[in-house]
Amino acid sequence: MLGEGILKGLAETAKNFAGSYVSKERLTTVQYPEERVKPIEATRVFPFLVFDGADWEAGLRCVACQICEKECPPKCIYIEKSQDKKPDYVGKQQFYPARFDIDVSVCMSCQICVEVCPFEAIKMDTEFELATDDRFGGLLQDRGQLAKSNEYYHRIHPTEATEVDARLAEEKAKLEAKAKAAAEAAAAKAAAPAAKPAGGGE
Amino acid sequence: MSVAETKTEKVEGWNRPHELEPEEGNDLLEVAMGPHHPSTHGVFRMDVALDGERIVRLKPVFGYLHRNHEKLGEGQTYLASMPYTDRLDYFCSLTNNWAYALAVEKLAGLQVPERAEYLRVILAELTRVQNHASSVGFLIQDMGASGTPLMYAFKEREKILDLFEELTGSRMMCNYMRFGGCRVDASPAWLDGVQKVVAGLPAFADEYEALLRTNEILMARTQGVGVLPPELAVNAGATGPLLRASGVNYDIRKVDHYGIYDRFNFRVPLGDHWDVYDRFMVRLLELRESIKILEQALKDIPQGPIMDPKSKIRGFRPKAGEAYGRIEAPKGELGFYLISDGGPNPYRYRVRPPSFVNLTILEDMCLGQNVADVVLILGSVDIVLGEVDR
C-alpha cells in the first residue's frame, strides 16, 4: 500500500515522542550555567604545572628541560630556563622555569606535553571555562596562573594522580637508597687506611 | 571562466556519460553551489552548468580548508603528527589514528600487543557505527527531512562519544593510539559501559530502519538516482561504502586482514542497483555487521599489556625506509605513506584520504540528473572536508 512506509516511520516518531514524557533517560538537556553534567575524570582541556607543598614557586616540579616546548605540535609553550638552581622533590639541585607561558588560543588539548614530560610536572586540567574578554594578555597564561597544587590534581584526576604519586615515591626511595649505599661505601673507604676521598653519590 | 573552457577530454575506454549538450536553442546557466551551501557539509564548491533543471556539467572545487597537513607532518616528530590526524576526518578520529599508527608501526617494526589490538577494533567499530548512523542522517537531512533522522542518529552517537571521552579524554579529538599500542588501558567499568551501549545498538538499528527504509518519499527520491557503475567506480579508485554499493566486493578488513580482523565473523554488504538508495542501505547493513564485530571483540578481549615495550615516547627514530599503512575507515580506504631517513621527522608524509578520491567521480554520477539530486548524491558520497582538503 502506498504510504505504508511513511506511516511506519511516523509510528516510530510517535513512540519516541510519547516516550520522552515517560523515560527520564530521554531527557538529556541540562540548563547549563545553573546545572552541570557530572565531569568525566579523563577529560583533558588545558595543561597546568603541578607543585608540591604550600609555596608554588618553591614546589614546582618543572626543571625547565624544554622537552614539552619542543614536542608541542602547535608550539604554544614558551619556556625560559633560570640562571640559578633550586632543590627538587628529592632535594637535588635543578634548574627551574624563570618563564613558562602557554597560549590558550593556540593549545589544542592534545596532551602530548603530558606524555613526554619525564618529571610528572605538567598535567591536564578539566577546567573548560577559559573564555576572557582580553584578547592577548588574558589568553597567555604565565607560570603563576598555570601552577596548581598536587591536591588539586588529586581532586580532578584521582586515579591518575595516585599512580603518579606512587611512581614518584618509588623513584625517591630508590634514589635515597642509592645515596645511602654510596655514603656508606664512602664512609667505609674513608675508614680504611690510605683511602682516597670518594665522591658522594647522588 | 566560460563553460567551453572547462570541457574535459574524453578518456578512451571510460564508459562515462560525459559532455552532455544542452537541447537545441537552450542557453546554459552556470551556478556556483557553495562554498557556503548548507548541503556541501563544509566549504566546498560545485560549479554546475544547467540546462533548465538538468545538470550538463559539474566541476568540484576544493581546497578552501587546506591546512598544510602533509608539510606540517614532515616538519615535526612522528608523535606530534598524531593529534593532527584527528583533525582530518573529524567524525572518525580513532580510525585516522589507527591508520597512521599502522604506517609507523610498519616503518619501525613494532608489534602491537593483543589487548591493544582488541581495543583498537572496538574503538574503530564504534566509530564506524556512529559515522554510518550520522552520515545516513545527514543524507536524509539533505533530502529535506530536517532534523528527525539526524537527531535519532545523534542520540546514539552521543552515547558513543561519551565512551570515547571516558577512555581517551576527548569526545572527538581522541588522540588515543600510539606507535606500538594504545595510550591508556580501558578499565573494566569502561568495557561494561561499551557492553551496555552495544547491547542497545541493535534496537537502534531496527528503529532507524523502520523509520526510513520503506519510506515512499525516500525511495522515490533515491532509487535510480546517482547510478555509479562498478567499472567506473573501480577506474576512479573509489573505496568504502560507495564502491560496495556499486557491487564491488572490496573491504580492506577482508582483503588485508590488518590488525586482527581475520578473527571476526562478519559479512560485507553489496549493492546491486548502484544508486543512492543502495549506498544508504549498505551503510545501514554495515552498521549491523559492526555490531556483530563489537560483540565478538568484547567477548574475547584478553588481559595484558597495551604497549610494545620497544616503543619509545621520547627520541623515537624509526630506521630509514618506507611504509604504507591502510585501513578500512568508515568512508573508505584511508592510507598513510611515510618515508623515513632515520631522523626524528618523516622525510615524506602523505595521506590518501577516502573522501577526496571518492569525490572525484561526483560529475559522472550527477550528469543528466536534476539539480536537487546533486545535493543528494553528494550526501551519499559521505565526505568530510577536513579530510578532502587536509
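For the reader, a short list of remarks on this structure follows.
- Share of alpha-carbon pairs per 5 Å distance bin for the range B:194-235, given as whole %: 5, 18, 13, 13, 13, 14, 13, 10, 1
- Principal-axis tilt of helix A:4-22 within chain A, Cα atoms, nearest 10 degrees: 60
- Over chain B: helical MRE at 222 nm, DSSP H runs n ≥ 4 each giving -39500 (n - 2.57), nearest 500: -14500 deg cm²/dmol
- Overall, the anisotropy analysis places the range B:257-390 in the oblate class: the square-rooted eigenvalues a ≥ b ≥ c of its C-alpha gyration tensor yield a/c not less than 1.5, with a/b not exceeding b/c.
- Highest-MSF residue in chain B out of B:N345, B:N215, B:N131 [GNM, Cα springs under 10 Å]: B:N215
- A Förster radius of 45 Å, combined with the Cβ-Cβ distance separating B:A372 from A:A169, puts the computed FRET efficiency at roughly 0.10.
- On the beta carbon distance between B:I217 and A:E34, with R0 = 45 Å, the FRET formula returns roughly 0.60.
- What you get for the protein assembly as shown, charging only the Cβ of Lys and Arg (+1) and of Asp and Glu (-1), is a dipole of about 2160 debye around the Cα centre.
- Summarising the label geometry, the points placed 7 Å from Cα in the beta-carbon direction at B:Y90 and B:L72 lie 1.2 nm from one another.
- Applying 1/(1 + (r/R0)^6) with R0 = 56 Å to the Cβ-Cβ distance of B:R314 and B:D27 gives a FRET efficiency near 0.30.
- Distance between the 7 Å Cα→Cβ label points at A:A185 and B:E322: 5.2 nm.
- Annotation: amide H of B:E30 within the under-5 Å range of B:L50, sequence separation 5 or more or interchain, hydrogens built in the peptide plane.
- Projected onto planes of every orientation and averaged, the convex hull of the alpha-carbon atoms in chain B covers 19.4 nm².
- Remark: the A:A18-A:K178 segment gains 50.6 nm on full extension, using 0.36 nm per residue and subtracting the alpha carbon distance.
Values in this text are rule-based calculations from the coordinates and carry no lab data. This one's a predicted model, so the numbers in the text were calculated from it and none came from an experiment. Every residue, glycine as well, gets a Cβ built from its backbone with ideal geometry; the counts of neighbours run over all protein chains shown.
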